[in-house]
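Readers should treat all values here as calculations from the given coordinates under stated rules, not as data from a laboratory. Since the model is a prediction, treat every value here as computed from it, not as a measurement.
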Amino acid sequence: MPGGRVPAAVLEGILAVRRCGLTNMLDRPVVADLAEKLGFPEAARWIETHPRDYAEGVFRGFEAEEGGGR
């Protein structure tokens with residue numbers, strides 16, 4: 001069961017960081033930095049401001065909010 005719903009742009013950024021393979025997804029500050037560098041500032045801000053939701057999502061999964069668009 002997914003851990004949390006996130007805006008589509010946030011999910012897109014998280015998935016981009018995961019695909020790049022440059023860090024362990026548990027290293028939240030590095031994930032946020034990479035999201036910013038990869039062109040996903042909304043994802044970077046969300047990761048920085050929602051540490052508990054991010055951790056839960058890493059372990060349980062993320063899914064895009066309905067109607068969240070980019």
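So what does the Cα-only Debye profile of segment 25-70 read at q = 0.13, 0.20, 0.32 Å⁻¹, as log10 I(q)/I(0), no solvent term?
Listed by q, the Debye log ratios stand at -0.28, -0.66, -1.19.
Quick one: which residues, 5+ away or cross-chain, put their amide H under 5 Å from the amide H of Val6? H built at 1.01 Å from N.
Those lying under 5 Å, H to H, from Val6 are Glu63, Ala64, Glu65.
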